[in-house]
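Report on one structure; see the data block that follows.
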Amino acid sequence: MTRNFDDSGYFITRGLLTSAQTEAIRGALMRKAGDVAASRDYGRDKILEAAAMAAPDAVPLHERFRKLNQLDLLPELWDHWYAGEPVLDIVRDLIGEDILRKYASAFLKPARVGGATPWHQDIALWRDRNDDAVNGWLAIDAATRLNGCLQFLPGSHVEPVVEHVEYEDSLHAELPRDLCVDLTVDHVELQPGDAVFWHSRLWHYSPPNESDRGRIGVGAVWVNPAQISQLTHVRSLRWAMRGGHILPHPAPELIISAA
C-alpha cells in the first residue's frame, strides 16, 4: 500500500465499506439534497450541475447536484467514512494517529448530465501548502469508464506543483490544457465500498457521465496537526482521531486563527 502511494501516487482499497454502510451514506446524501432543495438555498456548499442552474426545481433531485459539501455534519458520513475505523487505520499509516478532517464533499455526477472535472492537482486549488495531506474518494455507486470514473497520471505526484489556468469555460482552475494531451492514464474503476487514496500533487481528471448510470462518490481530505502551519485558506478542521482514539460524531472542531 505505502509503496504504491510512493511510486504511483495512489492506491485502491477494495471492499473498505460494506454495502449496508454505503447505502446508509447514500440515504444521508439524498436527505441532505432534499433539505437543500426544500430550502432553495443553493449556495457555495450545494453546487448544481449546469443542466439545473437555470431552474433547479425542474430537475429531479438525484440529477440536480454536482457537489455537496460540509458532509461531516451527517452522522452516517462521519461514522462510516470520515472517522470510520477501517478508513482511519489507513490514514494513520500515512500521517500518524492525530488526524483532522480538512474537506468533506460528495461528487454526484448524475447520469447523462454529469459534467467533466478538468485535469488538476488538488494542492493547486487549495491555496494551501500541505501537500502531505491524504486525499480519499469512496465509491457509493460503481465508478466505470462509462460513467466517468477518475483518471490518474501515475507518478505525476513527484513533479512540482504546476501553475493552473482558468480558461473562459473552466469549471475551476486547471492544468494547462496543452500539457494534458495524449497522457497514459490509469482508469480508477471502483465498486461500491471501494476507496482510492492519493497524493495531493497527483494529476487527475474525470470525464462527463454520458451513461444511464449515476456515479456518486464521497471525497475527503485528512491532515495532521503538524500540517496546520501550512494552511493558508482553510480555517475550520474537525478532529477524527486524537492519540489513536477515534472521535465520535459530533466531533469537536479546531478553529485556526488568521495570522
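The values are calculated or read from the model by the stated rules, or taken from the named source; none is laboratory data. This is a predicted model, so every value here is computed, not measured. Here Cβ is always computed from backbone atoms with ideal geometry, including for glycine, and neighbour counts include all displayed protein chains.
Each row is one residue, and each column tells you yes or no for (1) touching a residue at least 40 places away in the same chain (Cβ under 8 Å); (2) more than 30 Å from Asp186 (Cβ to Cβ); (3) not charged (D, E, K, R).
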{"site": "Ser200", "(1), (2), (3)": "yes, no, yes"}
{"site": "Tyr205", "(1), (2), (3)": "yes, no, yes"}
{"site": "Glu210", "(1), (2), (3)": "yes, no, no"}
{"site": "Gly214", "(1), (2), (3)": "yes, no, yes"}
{"site": "Pro225", "(1), (2), (3)": "yes, yes, yes"}
{"site": "Leu231", "(1), (2), (3)": "yes, no, yes"}
{"site": "Ser236", "(1), (2), (3)": "no, yes, yes"}
{"site": "Leu247", "(1), (2), (3)": "yes, yes, yes"}
{"site": "Ile255", "(1), (2), (3)": "no, yes, yes"}
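Counting only residues that are under 28 Å from Pro86 (Cα atoms) and more than 13 Å from the chain's Cα centre (by Cα), which one in region 126-138 is surrounded by the fewest Cβ atoms within 10 Å (Cβ to Cβ)? Walk me through how you get there before you give the answer.
Keep residues of region 126-138 that are under 28 Å from Pro86 (Cα atoms), which gives 126, 128-138.
Then drop every residue that is not more than 13 Å from the chain's Cα centre (by Cα), which leaves 128-132.
Values: Asp128: 19, Arg129: 14, Asn130: 21, Asp131: 19, Asp132: 16.
That would be Arg129.
Filter region 69-84 for residues that are assigned to a helix (DSSP H, G or I), more than 14 Å from the chain's Cα centre (by Cα) and more than 18 Å from Pro192 (Cα to Cα); which is modelled with the highest pLDDT?
Top of the filtered list is Pro75.
Does region 18-33 include one or more residues that are over 17 Å from the mean Cα position of the chain (by Cα) and more than 18 Å from Ile216 (Cβ to Cβ)?
no
Is one or more of the residues making up region 49-68 exposed (fewer than 12 other Cβ atoms within 10 Å of the Cβ) and at pLDDT 85 or above?
Checked against the condition, which is being exposed (fewer than 12 other Cβ atoms within 10 Å of the Cβ) and at pLDDT 85 or above, region 49-68 yields no hits at all.
I need a count of the residues in region 89-112 that are buried (at least 19 other Cβ atoms within 10 Å of the Cβ) and part of a loop (DSSP other than H, G, I, E, B).
Result for region 89-112: 3.
Answer with yes or no whether Ala116 is out of contact with any Asp or Glu (no Cβ under 8 Å at 6 or more places or on another chain), among the hydrophobic types (A, V, I, L, M, F, W, C) and at pLDDT 95 or above.
No; evaluated as a whole, the condition is false for this residue.
Please work out which residue is farthest from Glu23 (Cα to Cα), limiting yourself to region 171-180 and to residues that are in a loop (DSSP other than H, G, I, E, B) and over 19 Å from the mean Cα position of the chain (by Cα).
Pro176
Looking at (1) in a helix (DSSP H, G or I); (2) in contact with a Phe, Trp or Tyr (Cβ under 8 Å, 6 or more places away or on another chain), find the lone condition where Phe11 falls short.
(1)
One line per residue, one yes/no per condition, for (1) hydrophobic (A, V, I, L, M, F, W, C); (2) more than 19 Å from the chain's Cα centre (by Cα); (3) surrounded by fewer than 19 Cβ atoms within 10 Å (Cβ to Cβ); (4) not in a helix (DSSP H, G or I):
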{"position": "Asp182", "(1), (2), (3), (4)": "no, yes, yes, yes"}
{"position": "His187", "(1), (2), (3), (4)": "no, no, yes, yes"}
{"position": "Val196", "(1), (2), (3), (4)": "yes, no, no, yes"}
{"position": "Leu202", "(1), (2), (3), (4)": "yes, no, no, yes"}
{"position": "Glu210", "(1), (2), (3), (4)": "no, yes, yes, yes"}
{"position": "Arg215", "(1), (2), (3), (4)": "no, no, no, yes"}
{"position": "Val221", "(1), (2), (3), (4)": "yes, no, no, yes"}
{"position": "Pro248", "(1), (2), (3), (4)": "no, yes, yes, yes"}
{"position": "Ala251", "(1), (2), (3), (4)": "yes, yes, no, yes"}
